[in-house]
Every structure is written in C-alpha cells, then in structure tokens.
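Colleague: If you scroll down you'll find the structure; I have some questions about it.
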Amino acid sequence: MDIPWWRDAVVYEIYVRSFADASGDGVGDLAGIRQRLPYLAELGVDAIWLTPFYTSPMADGGYDVADYRDVDPLFGTLADFDALVAEAHAHGLRVIVDVVPNHSSDAHAWFQQALRGERRDRYIFRDGDAPPNNWQSTFGGPAWTRLPDGQWYLHLFAPGQPDFDWRNREVHQEFLDVLRFWLDKGVDGFRIDVAMGLYKAEGLPDVPDQSFKAESPIWGRPEVHEVYREWRKLLDSYDGERMAVGEVWTDSAEDLALYVRPDELQQSFNFAWLQAPWSPTAFKQVIDDTLGAVPSATWVLSNHDVVRHRTRYETADPGTGLSRAKAALLMMLALPGSAYLYQGEELGLPEVKELPPEARQDPVFFQSGGELPGRDGCRVPLPWSGDAPPYGFSPPGVDPWLPQPALFRSMSVEAQAGDADSTLEFYRRALTRRRELRGAIPYNLEWLDSPGGALFFTRGELTCAINCGSGPVPLPPHHRVILSSGPLTGNLLPPDTAAWLHTE
Ligand code: NOJ
C-alpha cells in the first residue's frame, strides 16, 4: 500500500508575521515567503504550514479572523497566495494553512451583525447581571465580556475573539465552505486551531479548574468529533491526499487518539513530546504512549506558542541548551511518523527574553496585567543576513514589528550557511539523511538495552542513540556513524549528544 505523503513528512511552520518581509512594512508577508522558497527546499523539508494570513484586526496576531476567504493587506493578496502555492508546489513543497474554527474576530461580519442585536445565535450570548459562569480566558481574565445592552458573549481567548456556537448548523456549513475555498486553491492540508474546543457542554456549567480534563465542560466534548468526520469526508472527496492536523492538547495519548480515528483527522499534534523534560525516562514514556495509542505519530519541539526548546533545555552551564536541542532534533527525526519544525530552530535561535514591555504585542502579556511575558519571545523576526537589524528580514532601514537582539547577527542564515559546524548545516545534513533513509526503514521501532541516562532504539538499518546523562556512554554496536549532533569521543557518546548509526 502506498504511504500517504503526510505520514512521515517534515513540516516547517512559518509564523507569517516573522518569516520574511518583502513589502517593507516591518511585518512578514506572502511575497517574503515566496522569495525564500528556495531556502526551504534546500533545507530539505516536505511541507510548509502557514499561520493565519487572513483579514484580521490582529488582536491575536491573526488568530482573530474577520474574513476567512481573503488575505489581510498586511500579508498581500489572494493573487500572492495563488502564486505562493504554485511556486511551493514547483519546489516540491506541500502547503498547509491554518483554519480557526473556534472563534472569529469581533470584526467578522457575523459578529458585527450580532453587535447590532441581530442573529446572535451564531455565537454564545447569555443574559444576566453577573458573568454566566466562572470560565476564564486562556489568556487571563474572565471569558465573558458584557455589551452595553447587558448581554454577555463568550471568548475563550481575547475579547476580540468571540466563540462560535457550533450547535448552530449554519456554522458547520460555513466552515465546510471555507475549507472548500482553500482546497479549490490547491492547499494540501489544514492545521486546525483549538481543535478540541468547538463544543461547550450544554448549560455551560462552571469548571472546577481550567485544566484539560476529560470531564471539562470546555475541552474535548464528544460532539466535536462529528465535525471532524464531516471534514474528513470533504478532504477525501478531493484528490491529492489532502489532510488535516489538529491542535489538540490532551492529558493522555488515548484522548489524543480519539481525534485520529480512521474517519477523523489524519494527524494531531503530540504536545506531550514538547512538554517532556530532559529525561530518558520521560522521553521513552512519551514515545511508548504515543506509538501505543496513535496510528500515525507526530512530533514537535517548538511552535509560536511556547518557549523555544533551546531555551527550555538550558541549564546553568552555557551551551547545554543548544547541544540538547540538536540531540533532541536528531532523536525526533529518527522516530516513526512526521515531524513539525518551527522557523528559526534550524538556526538554533533562543527565546528572546529581553523584549521591553513597550515592544510586546501578545494579548497574553496584556490580559495577565504584564505578569506573564507572553509569546513574543519566540516570534521575533528571523535573521537572514547582514550586520545590523533588520538582518535581512525587512529591507534596510525598516524596523521589524518586534526588535531583534544583537546576538541574531552571528545566527543569521548568511552567517551559518556553508559553515559545517553551524546549526543550520547540521539541520540540512539531518534532513538529507532522513530523506535517504525514508522508505528503507520500517515504521516500527525497537528498543535496545541502554546504559543509565541513555536511550537506544533501532528501525531496521538505523540505530539512534541519545545520551541524557551526565557522563559518556559506549555507543551501541554499529558499522558506521551516519551523523551525530556533536563531536563523539572515539566509541563514546558524550552527554547531551545523539547519534544515528548504520547497523547493516
Ligand atoms: C492556538 C494558536 O496557536 C495561538 O497562537 C492562538 O493564540 C490560540 N490558538 C487562539 O486562536
């Protein structure tokens, strides 16, 4: 049986605002992505996932959509999008776009109509002198905002992101139509925002806490699966193996597996991997749980919502974060299934922690009253070239929408390309080797005995070894080393290092 393209694809997430700015307004755009397609093809990824580029007031960086069928002028035009898809396909890159079905922007025509007191049935409105329940916004503060006429509306995120009422069939029809619009434009798949949130429990009961528990009145309600069955039928009615990957945060791999049943989504993000601490036991547990529960696994270390993994893995010992980040990448790329990369990780970018408060833009920062830094630190525009900001992100002299730190100078694509010791060249080598091995190795993984602190596994002729401990360990038996994330010492694998070995 043929293996569908997404089953072992490496997908590169483009946070559109921060990738490349061709128009010169300090914000990344579709034309900027087009210019950089050769870079992505050379990097060796199979697909790109674009974060929302639709018409939006940008209350949440575009995850507040005012028109699901148009491109925001900040990012370009529909013609730019058509050209981007055609050129990406010509480079052999598939294109996945974000779909945001849990909420729209308050500037969406339906919500504007609701504000005028008409057709409030497409959103979640309630009467009352007090907020209808105790739900809190994921970004901080109450999940309800009151209109001057006294009614409250629900927003699980920013007040500018009102939640749809998925019990209204019109919402289903609208989103099927939105999906058709982009499928007809040739997209290969969708990343579904807040995929476990669309249905809220009847009666909107209070929650004891805000955790993603199976009994939550907000997350993972059983009715949501009907939506993905409808979407799957639509995807399957198109040729070209169109797919969808859900943004699903769950407490267990079993709950995650519900979203990828044969008639639902093809993939779901596996955030347990990203949340695992630097520990062989934790990594092994997540791998076993995932492969035991999910037919087509996915792996992700970073995205535009979390602290970059290089910084998460940092210790008091400088350099540890990057060594561990490279080792984790090698382990991830050796696992069965598909891997999602986040722009800038191939440059080894750290989280930018020193952004001044006046530069911050994430609603998390504002809704938490400045208590939480928010997610701007992983969204700083990429450094491409040059000795000074904007480091080739924008044309010279333009200030990017978030300031770039001086350390980006030595981390730009230009600074790293051609330097065999750079993180960028390491990513290129790893992605090339992975492609060479693809098809030659079985999906299934077998664990090998490993010394304390280390993990060894094989897939046919490939063995992957990682050392999370504090001292060197002997490599498992092999014929030759394919690649390592750092220097090996003879037959020893140093701490914070991983290696791919050829065993045949
Ligand atoms: C998840 C997205 O990744 C995040 O950036 C956004 O703020 C929320 N969903 C709300 O749409």
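Colleague: Work out, step by step, the length gained on full extension between residue 176 and residue 82: first 0.36 nm times the residue separation, then minus their alpha carbon distance; give nm to one decimal.
Modeller: Full extension of this stretch gives 31.8 nm more.
Colleague: If you don't mind, another one. What span do the alpha-carbon atoms of region 109-154 cover on each of the three principal axes, reported in whole Å from largest to smallest?
Modeller: 27, 22, 16
Colleague: Moving to a separate point now. So the label point goes 7 Å from the Cα of residue 354 along Cα→C-beta, right? Which residues of region 395-409 then have their backbone N under 19 Å from it?
Modeller: From region 395-409, the list is 400-409.
Colleague: A follow-up question, please. In whole angstrom, and with the biggest value first, how far do the Cα coordinates of region 173-246 range along each principal axis?
Modeller: If we take the Cα atoms of region 173-246, the spans are 45, 20, 15 Å.
Colleague: Please report the accessible area of residue 252 (heavy atoms, 1.4 Å probe, ligands and nucleic acids excluded) in Å², nearest 10.
Modeller: Its accessible surface works out to 40 Å², give or take rounding.
Colleague: While we're looking at this one, here's another question. Using heavy-atom solvent-accessible surface (probe 1.4 Å) with all chains present, what is the largest-first order of 249, 144?
Modeller: 249, 144
Colleague: Charges on Cβ only, +1 for Lys and Arg, -1 for Asp and Glu, centred on the Cα centroid of the chain; of 301, 497, 328, which one is farthest towards the dipole's positive end?
Modeller: Farthest along the dipole direction, towards plus: 497.
Colleague: How large is the dipole of the chain about the Cα centre if only Lys and Arg carry +1 and Asp and Glu carry -1, each at its Cβ, rounded to the nearest 20 debye?
Modeller: It comes to approximately 800 debye.
Colleague: Determine the order of 326, 200, 185 by accessible area, beginning with the largest, at a probe radius of 1.4 Å.
Modeller: I get 185, 326, 200, largest accessible area first.
Colleague: I would also like to ask the following. Enter the accessible area per residue of the chain (Å², integer; probe 1.4 Å; all protein chains in place).
Modeller: 37
Colleague: Here's something else I'd like to know. Under a 5 Å amide H to amide H cut-off, with H placed in plane at 1.01 Å, what residues pair with residue 70 once short-range neighbours are removed?
Modeller: Hits under the 5 Å cutoff: 55.
Colleague: Along the Cα-to-C-beta direction of residue 69, a point sits 7 Å from the Cα; which residues of region 106-120 have their amide N less than 17 Å from that point?
Modeller: 108-111
Colleague: For region 186-334, rounded, prolate or oblate, judged on the Cα gyration tensor with a ≥ b ≥ c (square roots of eigenvalues), a/c < 1.5 rounded, else prolate if a/b > b/c?
Modeller: Judged from the Cα gyration tensor, region 186-334 comes out oblate (a/c at least 1.5, b/c at or above a/b).
Colleague: FRET efficiency for residue 436 and residue 492, Cβ-Cβ distance as r, R0 = 25 Å, nearest 0.05?
Modeller: Approximately 0.45, to the nearest 0.05.
Colleague: While we're here: Give me the percent of the accessible area of region 109-154 that comes from carbon and sulfur atoms, probe 1.4 Å, all protein chains in place.
Modeller: After summing per-atom areas, the C and S share lands at 50 percent.
Colleague: A further question on this structure: Need the full-extension length gain, residue 315 to residue 421, defined as separation in residues times 0.36 nm minus the C-alpha distance. One decimal, nm.
Modeller: The span from residue 315 to residue 421 would gain 36.0 nm if fully extended.
Colleague: What number, rounded to the nearest 500 deg cm²/dmol, is the helix-based mean residue ellipticity at 222 nm of the chain, given -39500 (n - 2.57) per DSSP H run of at least four residues and division by all its residues?
Modeller: About -7500 deg cm²/dmol.
Colleague: What does the convex hull of the alpha-carbon atoms of the chain project to on average, in nm²?
Modeller: 23.4
Colleague: Could you sort 338-344, 367-373, 121-127 so that the peptide with the highest average Cβ count within 10 Å comes first and the rest follow in order?
Modeller: Packing order, densest peptide first, comes out as 338-344, 121-127, 367-373.
Colleague: Indicate the gyration tensor shape class of region 445-502 (rounded, prolate or oblate), computed on the Cα atoms with a ≥ b ≥ c the square roots of the eigenvalues: a/c under 1.5 is rounded; otherwise a/b larger than b/c is prolate and the rest oblate.
Modeller: Here region 445-502 falls in the oblate category.
Colleague: Still on this model: Restricted to Cα positions, what overall size does region 3-92 have along the principal axes? Three whole-Å values, descending.
Modeller: For region 3-92, the Cα spread along each principal axis is 39, 26, 21 Å.
Colleague: Follow-up question, since we're still on this one. Between residue 372 and residue 502, what FRET efficiency comes out of the Förster formula 1/(1 + (r/R0)^6) with R0 = 41 Å and r the beta carbon distance, rounded to 0.05?
Modeller: With R0 = 41 Å, the Cβ-Cβ based efficiency is 0.35.
Colleague: What net charge do the residues around residue 54 carry, taking every other residue with its C-beta under 11 Å from that of residue 54, with Lys and Arg at +1 and Asp and Glu at -1?
Modeller: -4
Colleague: Moving on. Nearest 5 percent is fine: what portion of the DSSP beta bridges confined to the chain is antiparallel?
Modeller: Of all bridge pairs located within the chain, approximately 55 percent are antiparallel.
Colleague: Less than 16 Å apart at the alpha-carbon level, and either on another chain or at least 8 residues along: which aspartates and glutamates does that give for residue 233?
Modeller: Output for residue 233: 174, 177, 184, 188, 241, 263, 264.
Colleague: Taking the Cβ-Cβ separation of residue 399 and residue 91 as r and a Förster radius of 30 Å, what is the calculated FRET efficiency to the nearest 0.05?
Modeller: It comes out at approximately 0.50.
The values are calculated or read from the model by the stated rules, or taken from the named source; none is laboratory data. Here the structure is a predicted model, which is why all the values come from computation and not from measurement. All Cβ positions, glycine included, derive from the backbone under ideal geometry; neighbour counts span all protein chains shown. What goes into the accessible areas is simple: the full protein's heavy atoms, side chains included, and nothing from ligands, DNA or RNA. Shrake-Rupley method; radii C 1.70, N 1.55, O 1.52, S 1.80 Å.
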